[in-house]
Amino acid sequence: MKKKILISTLALSLLICGGCKQKVKLKDGKEVIASVKGKDITAEELFDNLKETYGANAVVNMVDDYIIKKEVKDSKAAQEYAKAQIATMKQQYEAAGYTWDDVLSQYGYSTEDQLINEYENNYKKRIIAKKYIKKEVTDDEINEYYEKEIYGNYTVKHILISPDVKDSASDSEKEKAKKEALNKAKDIIKKLNDGEKWSTLVKKYSDDKGTKNSEGLVENFTKGDMVDEFFEASIKLKNGEYTKEPVESNYGYHIILKVSNTKKPSLKNSKTKILDAISENKLNNEENLLEKTWVNIRKEYKFNIADSTIKSGYDKTISE
């Protein structure tokens with residue numbers, strides 16, 4: 001774990017800088033760290049032992065921390081992300097009956113701040129990696145993403161019919177509830193076809209409590225803001241047109257009435273969003289891309305390891 005690496009980093013730093021309060025030296029000037037009958041253990045011996053096991057990881061962490069400080073000047077977003085992640089994790093563990101201090105101890109942390117710091121660093125490393133990945137994104141990738149993924153903003157109204165299912169329901173009961181919800185949604189469409197008012201029907205039937213008092217209004221969304229089924233159905237409609245069949249999603253069945261949409265933004269105005277999305281997708285989908293990118297980042301910073309043992313450990317790590 002990183003905590004163990006941090007401990008070894010501290011040990012190496014103390015040895016290198018001579019950080020011991022009480023120094024004992026042999027005749028040849030070597031510093032004694034410990035002794036046993038018939039044997040003195042010197043700082044050099046301890047350093048050689050530690051660097052073979054932890055040296056590469058310790059050096060890489062020190063270098064990466066330096067790069068992070070150079071590249072990320074504002075830590076606010078990282079801090080907010082870390083605290084949110086820890087709060088969620090803490091809530092989940094405590095809800096399951098665990099004591100948070102015990103959880104931290106089990107994973108090798110003496111304080112919550114240590115875990116927060118690790119999450120912050122991981123967040124920053126990802127942000128920096130994305131910046132470097134963006135430099136490698138091609139014009140073809142940008143154009144393809146623009147054509148397939150960039151849309152204007154849409155405004156619709158909807159009526160949601162959710163299956164009435166209890167948590168303890170059997171599969172057959174769930175299927176029956178789904179069928180009843182589908183038939184109810186179809187019946188509402190028939191009422192619309194027969195001329196009944198949208199405003200009356202949405203208030204009477206919709207299970208979306210957040211929108212039913214505003215005629216089911218959902219404003220200014222684009223691709224990625226809504227579940228795919230809802231978005232795909234919305235973009236196929238003309239203004240003032242509603243879906244002739246219920247649209248199924250994991251929320252239930254929707255009847256969607258299109259209100260309006262804006263024009264697709266230009267490629268120039270979309271480029272920042274596109275580069276961010278492509279780099280995020282690459283990090284999520286390409287195995288070990290974060291680690292590979294950081295190898296290249298270190299190269300750009302002229303990273304060099306003079307010690308052959310530590311270099312061998314690092315080369316082995318990045319080749320795996």
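The values are calculated or read from the model by the stated rules, or taken from the named source; none is laboratory data. Keep in mind it's a predicted model, so treat the numbers as computed, not measured. For neighbour counting, all protein chains shown are included, and Cβ atoms are generated from backbone atoms with ideal geometry for every residue, glycine included.
Observations
- Residue in region 147-167 that is charged (D, E, K, R), surrounded by 12 or more Cβ atoms within 10 Å (Cβ to Cβ) and part of a loop (DSSP other than H, G, I, E, B) present: yes
- Taken over region 271-285, residues that are β-branched (Val, Ile, Thr) and either closer than 26 Å to Val247 by Cβ or surrounded by 14 or more Cβ atoms within 10 Å (Cβ to Cβ) (or both) amount to 2.
- Looking across region 253-270, the residues that are among the hydroxyl-bearing types (Ser, Thr, Tyr), touching a residue at least 40 places away in the same chain (Cβ under 8 Å) and surrounded by fewer than 16 Cβ atoms within 10 Å (Cβ to Cβ) come down to Ser260, Thr262.
- Scope region 271-318; condition touching a residue at least 40 places away in the same chain (Cβ under 8 Å) and among the aliphatic types (A, V, I, L, M); matching residues: Ile274, Leu275, Ala277, Ile278, Leu283, Leu289, Leu290, Ile297, Ile305, Ile310
- Selection status of Lys209, under 17 Å from Tyr253 (Cα atoms) and surrounded by fewer than 16 Cβ atoms within 10 Å (Cβ to Cβ): yes
- Among the residues of region 92-107, at least one is more than 16 Å from the chain's Cα centre (by Cα), in a helix (DSSP H, G or I), of a type in the set (Val, Ile, Thr) and surrounded by 12 or more Cβ atoms within 10 Å (Cβ to Cβ).
- Cβ-Cβ contacts under 6 Å between residues 6 or more apart (or on different chains), taken from a first residue in region 113-139 that is within 19 Å of Asn61 (Cα to Cα) to a second residue that is basic (Lys, Arg) and surrounded by fewer than 18 Cβ atoms within 10 Å (Cβ to Cβ), are listed as Glu118/Lys2.
- In region 164-189, the residues that are among the charged types (D, E, K, R) and modelled with pLDDT under 95 reach residues that are loosely packed, with under 15 Cβ neighbours inside 10 Å and not in a helix (DSSP H, G or I) with C-beta atoms within less than 8 angstrom, at least six apart or across chains, in these pairs: Glu173/Lys166.
- Residue identified as acidic (Asp, Glu) and loosely packed, with under 13 Cβ neighbours inside 10 Å among Glu80, Glu31: Glu80
- Selection of region 124-145 for residues being closer than 30 Å to Ala82 by Cβ and either in a loop (DSSP other than H, G, I, E, B) or among the hydrophobic types (A, V, I, L, M, F, W, C) (or both) yields Ile127, Ile128, Ala129, Ile133, Lys135, Glu136, Val137.
- The listed residue being on the phi < 0 side of the Ramachandran plot, out of contact with any Pro (no Cβ under 8 Å at 6 or more places or on another chain), surrounded by fewer than 17 Cβ atoms within 10 Å (Cβ to Cβ) and among the β-branched types (Val, Ile, Thr), out of Thr243, Thr222, Thr200: Thr200
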